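For reference, the structure is listed below as structure tokens.
The values are calculated or read from the model by the stated rules, or taken from the named source; none is laboratory data. All of these numbers come straight from a predicted model, not from anything done at the bench. With ideal geometry, Cβ positions are generated from the backbone for all residues, glycine too; neighbour counts draw on all protein chains shown.
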Amino acid sequence: MSPQELSDISEKWKIIKDLFREYYRKRPLKLPQDLELREIAIQVFDSPTYIRHKAFQTPDQLYKFIYLKIPRHIYYSSAKYSNPAAPSMDEKGWLGSDLVFDIDADHIPGCRQVHIYVCKDCKYSSSYKISKCPNCNSNNIEIIDLSLDDLCIDLAKNQVGLLIHALDVELGFSNFSIYFSGHRGFHIHVPLEEELAKLSSDERREIVDYLKGVGLSRDLILFSSKSRTRKATPALPRISNGGWRTRVSRIMLSKDLKKELEMYIKNMDILPSYKDMKRYLKDLNEALEQGKIYLDEKVTIDTSRLIRIPGSLNGKAGLIVIEVNDIESFRFNQELSPFNEIMMRVRYETSIPQVKILGMSIGPRHRGDYEVLPGAIAIWLALKDICTVLGITR
Ligand SMILES: [Zn+2]
């Protein structure tokens, strides 16, 4: 190992910080019009604590702060405040908050993440769950999310599709933006003004419960409150019914249905046969499950939530928090990194199994191995403490 490489260990983050600085020099952030009303918070590379309660009158002032600190993560408040720099919530003067939704792939049933278990003392690693290090007996074991299956992103995309349709058609929020989170999920921002912005935490929870289908049953979908008697005939949901009935109808239409049933759901003047009705009722439970949206409710009900600034870099993976115009065509690959044009020389600090990261298959590798990797992959691994970046090959 060269002396240069030895000194690089003590300056573990230097190369990555320089790259982050270079990225922010391009002024990539999509800032809100009312920047001066938002709290700004950051986390830096050398300390796990947040720097909070910052406020800036202009983008220039914010960028000056960014060049000075080089944030690993940077957030603004979903809330607007009369005095966003005040140190306590009471003094900030809450003026209202946007509505924010977080869909994280690893919370969706069926998503398989690739974890490794790493001993923080000796860097021993295992693909299998360990609570004690077999190498040094330490209990100091950390779980690292190494990667996730492409299927996870597809599941998350499907959830975003359900959510934006529900926001637009079922709830009437037509003004929203979708962002990739920069790691493994999506954020949906709905800017709110005036009275709507003042929705309380409890009221936001009602919205979440509705979207998640909390307390929803098949009977609630099939019968109106007046007709919920033993002998009532179920009214099979149709696309024009509104609310959850519309959501269920859309899901039913994605199934392989008989023409008559399809026409019924699409509001055509037709009555399905008894057999078709039975088929619909049989599939309805499944459709209700498929309609539930897996949201991180903590994010939505918190009226002082800090959210990643669009255009910033996610310091857990090094990818851009990028606006997604068409969720269907979103691809989880190295192009989400601003560093995909460079190659980097890395040294592994932890052994890893064979794994697919951002579409590229790597490993298995052992602790102490050297490799030249595309920038997007090298930074993904470095930010997860798997490797140290030693140099750039442009
Ligand atoms: Zn150990």
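Regarding region 163-184, can at least one residue be identified that is surrounded by 19 or more Cβ atoms within 10 Å (Cβ to Cβ), closer than 20 Å to Thr300 by Cα, at pLDDT 95 or above and aromatic (Phe, Trp, Tyr)?
Looking through region 163-184, at least one residue is surrounded by 19 or more Cβ atoms within 10 Å (Cβ to Cβ), closer than 20 Å to Thr300 by Cα, at pLDDT 95 or above and aromatic (Phe, Trp, Tyr).
Which numbered condition trips up Met268, out of (1) part of a loop (DSSP other than H, G, I, E, B); (2) surrounded by 15 or more Cβ atoms within 10 Å (Cβ to Cβ); (3) hydrophobic (A, V, I, L, M, F, W, C)?
Just one mismatch for Met268, condition (2).
Just to be sure, is Lys292 touching a residue at least 24 places away in the same chain (Cβ under 8 Å), surrounded by fewer than 19 Cβ atoms within 10 Å (Cβ to Cβ) and among the basic types (Lys, Arg)?
yes
So which residues in region 154-211 are under 19 Å from the mean Cα position of the chain (by Cα), part of a loop (DSSP other than H, G, I, E, B) and aromatic (Phe, Trp, Tyr), if there are any at all?
Phe176 - this is the single residue of region 154-211 that is under 19 Å from the mean Cα position of the chain (by Cα), part of a loop (DSSP other than H, G, I, E, B) and aromatic (Phe, Trp, Tyr).
Taking region 30-56 as the region of interest, how many residues are in contact with a helix residue (DSSP H, G or I) (Cβ under 8 Å, 6 or more places away or on another chain) and either surrounded by fewer than 15 Cβ atoms within 10 Å (Cβ to Cβ) or closer than 21 Å to Leu383 by Cα (or both)?
Of the residues in region 30-56, 4 are in contact with a helix residue (DSSP H, G or I) (Cβ under 8 Å, 6 or more places away or on another chain) and either surrounded by fewer than 15 Cβ atoms within 10 Å (Cβ to Cβ) or closer than 21 Å to Leu383 by Cα (or both).
Taking Phe332, is it surrounded by 21 or more Cβ atoms within 10 Å (Cβ to Cβ) and either part of a loop (DSSP other than H, G, I, E, B) or of a type in the set (Ser, Thr, Tyr) (or both)?
no
Give the residues of region 267-318 that are hydroxyl-bearing (Ser, Thr, Tyr) and under 26 Å from Val248 (Cβ atoms), sorted by residue number.
Result: Ser273, Tyr274, Tyr280, Tyr294, Thr300.
Return a yes/no flag: does region 336-347 have any residue that is surrounded by 15 or more Cβ atoms within 10 Å (Cβ to Cβ), closer than 19 Å to Arg112 by Cβ, more than 18 Å from the chain's Cα centre (by Cα) and in contact (Cβ under 8 Å) with a residue 24 or more places away in the chain.
no
I'm trying to understand the selection: among the residues of region 57-93, which are crowded, with 17+ Cβ neighbours inside 10 Å and under 25 Å from Arg204 (Cα atoms)?
Across region 57-93, the qualifying residues are Ile74, Tyr75, Tyr76, Ser77, Ser78, Ala79, Lys80, Tyr81, Pro84, Lys92.
Could you go through region 129-142 and let me know if any residue there is closer than 21 Å to Phe186 by Cα and in contact with a strand residue (DSSP E or B) (Cβ under 9 Å, 6 or more places away or on another chain).
Looking for residues that are closer than 21 Å to Phe186 by Cα and in contact with a strand residue (DSSP E or B) (Cβ under 9 Å, 6 or more places away or on another chain), one finds none in region 129-142, hence no.
I'd like the residue in region 343-372 that is in a loop (DSSP other than H, G, I, E, B) and acidic (Asp, Glu) and, out of all such residues, is modelled with the highest pLDDT.
Asp369
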